[in-house]
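**Q** To start, I am sharing the structure in question, which I have written as structure tokens.
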Amino acid sequence: MKQKEDKIILKGDIVFTPTKEKFEIHKDSYIVAENGKVVGIFKELEEKYQHYVIKDFSNKIIIPGFIDLHLHAPQYPNRGLGLDKELLPWLETYTFPEEKKYEDIQYGKKVYTKLIRELWRVGTTRCVIFSSIHKESTKLLFDLFIKSGLGAYIGKVNMDRNSPDYITEDTKKSIVDTEEIVIEYKDKSDLVKPIIAPRFAPVCTVELLESLGYLASKYNLPVESHLSENIGELAWVKELYPEFANYASVYNQYGLFGQTKTVMGHCIYNTEEEIELMAKNGVYAAHCPHSNFDLSSGIMPVRKFLDKGVPLGLGTDMAGGHCISMADVMVAAIQSSKMKWLETNKELQPITISEAFFLGTKGGGSFFGKVGSFEEGYELDALIIDDSSLADIEPLSLEERIQKFIYIGDDRNIVERYIRGRKVEEPEF
């Protein structure tokens, strides 16, 4: 399944984004890695590297692996279903009934093995995942990811009110199950780790939010949740938490907003005060444009977050988002920013192809550490792209080739995948 190389060299046309402003390009060059980390990029190999294993991908493009900062594993069977509804009715009609099925661990295995193969296929090398409320199915998801060689943060969903009875947890059981998973998996894998996952504030009691914040602090665990996705959701939060100035303040009060590493999905309707708090606390925003379109949620003002210095990445939000390909999400992020540009009378500038690529690689990758770039010291997560099927009559520059792959390429153009310098084959379960 996985091939370990302590010292490895990838040769080819190297493209990545150390900053969001532009691509860094190394034509016909070598990436040298030791123990899974990049040593450097060279046009010619020094003598000391001559005995390293060389993987020759001449005329192919080498890019960082894709990072999905926000997806729901148990919703995989629902992709493409019910998307004529808005968020809250969609949850009631499609999502919650589907998530109930994961009390059956055999059903979970059928879904999760397909999901993981699909993530591998589209070049997602690391992701931040919500499971369901079910302890055993969540443990299964951990075990399958560990076996696959892909990287992930996985969170057992927590929700103890304002939901159908069949998906509403007992508060104490939710906390106990979450801690059991944390203890079992926090040191089990270097690539697959637990994350604390309150579904979102309206379906969590204060006791649950406080306890989850305590667990995040006790075990120094990251946090994932949802923030300001839908107008109806905002009104609901205001009704349930009238004493708080805004939605973000609820999470912040209970230690779930940057006290440990945190990512919040959507962030469409954040106030200026919330954006400033995110920048101050280092809270990540996971931009999920497909989901925001599919569920009529709105258009996130991405440029505003970038200008304020909020750490930012991209997410599929599968199955609110219909598509699991991060390349497609990059395109949707650009398109949605163009609509926001028009909506704001051309005040908030659209994001560029290099910025979208950055968000889907280094921007989201930074949630995992030094991931998503080929700078010295970064972990060597890479995709090998054969874009010969996309070639035009006239030759294109490397930057044009990567643009074309992002817009019209697909998984058939991805020929190999590497994580921490190890080739990862299609998972077998």
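The values are calculated or read from the model by the stated rules, or taken from the named source; none is laboratory data. Since the model is a prediction, treat every value here as computed from it, not as a measurement. Backbone-built Cβ (ideal geometry, glycine too); neighbour counts: all protein chains shown. These accessible areas exclude ligands, DNA and RNA; they are computed on the full protein's heavy atoms, side chains included. Shrake-Rupley method; radii C 1.70, N 1.55, O 1.52, S 1.80 Å.
**Q** Which count do you get for residues in region 203-232 that are buried (at least 24 other Cβ atoms within 10 Å of the Cβ), touching a residue at least 60 places away in the same chain (Cβ under 8 Å) and over 18 Å from His134 (Cα atoms)?
**A** Final tally of qualifying residues: 1.
**Q** Can you tell me which residue is most open to solvent (accessible area, probe 1.4 Å) among those in region 152-202 that are part of a helix (DSSP H, G or I) and of a type in the set (Ser, Thr, Tyr)? Write out each step before concluding.
**A** To start, the set of residues in region 152-202 that are part of a helix (DSSP H, G or I) comprises 165-167, 171-185, 201-202.
Those left that are additionally of a type in the set (Ser, Thr, Tyr): 166, 171, 174, 178, 185.
Working: Tyr166: 87, Thr171: 26, Ser174: 0, Thr178: 7, Tyr185: 3 Å².
Out of the qualifying residues, it is Tyr166.
Yes/no matrix, rows are residues, columns are (1) closer than 30 Å to Cys323 by Cα; (2) assigned by TED's automatic domain parsing to the domain that holds Leu396; (3) loosely packed, with under 14 Cβ neighbours inside 10 Å:
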site: Val39; (1), (2), (3): no, yes, no
site: Glu44; (1), (2), (3): no, yes, yes
site: Glu47; (1), (2), (3): no, yes, yes
site: Tyr52; (1), (2), (3): no, yes, no
site: Asn59; (1), (2), (3): yes, yes, yes
site: His70; (1), (2), (3): yes, no, no
site: Ala73; (1), (2), (3): yes, no, no
site: Tyr76; (1), (2), (3): yes, no, no
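**Q** Mind counting the residues in region 42-57 that are in contact with a strand residue (DSSP E or B) (Cβ under 7 Å, 6 or more places away or on another chain) and over 23 Å from Ser388 (Cα atoms)?
**A** Here is the first cut: in region 42-57, the residues in contact with a strand residue (DSSP E or B) (Cβ under 7 Å, 6 or more places away or on another chain) are 42-43, 45, 49, 52-57.
In the following step, the residues that additionally are over 23 Å from Ser388 (Cα atoms) were identified as 42, 45, 49, 52-53.
The number of residues fulfilling the criteria is 5.
Here is a yes/no grid of residues against (1) within 29 Å of Ile146 (Cβ to Cβ); (2) hydrophobic (A, V, I, L, M, F, W, C); (3) not in a strand (DSSP E or B):
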position	(1), (2), (3)
Gly12	no, no, no
Val15	no, yes, no
Ser58	no, no, no
Ile63	yes, yes, no
Tyr107	yes, no, yes
Lys114	yes, no, yes
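**Q** If I go through region 162-202 residue by residue, how many of them are touching a residue at least 40 places away in the same chain (Cβ under 8 Å), out of contact with any helix residue (DSSP H, G or I) (no Cβ under 7 Å at 6 or more places or on another chain) and either closer than 23 Å to Leu88 by Cβ or not assigned by TED's automatic domain parsing to the domain that holds Glu98 (or both)?
**A** So the count comes out to 2.
**Q** Turning to a different aspect of this structure: If you check Glu118, Glu98, Glu103, which single one turns out to be open to solvent by 20 Å² or more (accessible area, probe 1.4 Å) and within 12 Å of Ala73 (Cα to Cα)? I'd like the intermediate steps shown before the answer.
**A** Working: Glu98 fails: open to solvent by 20 Å² or more (accessible area, probe 1.4 Å); Glu103 fails: within 12 Å of Ala73 (Cα to Cα).
The conditions single out Glu118.
**Q** For residues that are in a loop (DSSP other than H, G, I, E, B) and farther than 25 Å from Ser336 by Cβ, scanning just region 259-284, find the one that is nearest to the chain's Cα centre (by Cα).
**A** From region 259-284, those in a loop (DSSP other than H, G, I, E, B) are 259-261, 267-271, 282-283; that's our starting set.
Now narrow it down to the ones that are farther than 25 Å from Ser336 by Cβ: 259-261.
Working: Gln259: 20, Thr260: 17, Lys261: 14 Å.
Ranking the candidates gives Lys261 first.
**Q** Only one residue in Phe429, Phe405 is at pLDDT 95 or above and in contact with a helix residue (DSSP H, G or I) (Cβ under 7 Å, 6 or more places away or on another chain), so which one is that?
**A** Details: Phe429 fails: at pLDDT 95 or above.
Criteria check complete, one pass: Phe405.
**Q** Scan region 132-151 for residues that are among the β-branched types (Val, Ile, Thr) and either open to solvent by 10 Å² or more (accessible area, probe 1.4 Å) or at pLDDT below 95 (or both) and jot them down.
**A** Taking region 132-151 first, the residues among the β-branched types (Val, Ile, Thr) are 133, 138, 146.
Across region 132-151, the qualifying residues are Ile133, Ile146.
**Q** Something else about it: Any chance you could count how many residues in region 125-151 are part of a helix (DSSP H, G or I) and in contact (Cβ under 8 Å) with a residue 24 or more places away in the chain?
**A** We begin by selecting, within region 125-151, every residue part of a helix (DSSP H, G or I); these are 135-148.
With the extra rule that they be in contact (Cβ under 8 Å) with a residue 24 or more places away in the chain, the set shrinks to 135-142, 144-148.
So the count comes out to 13.
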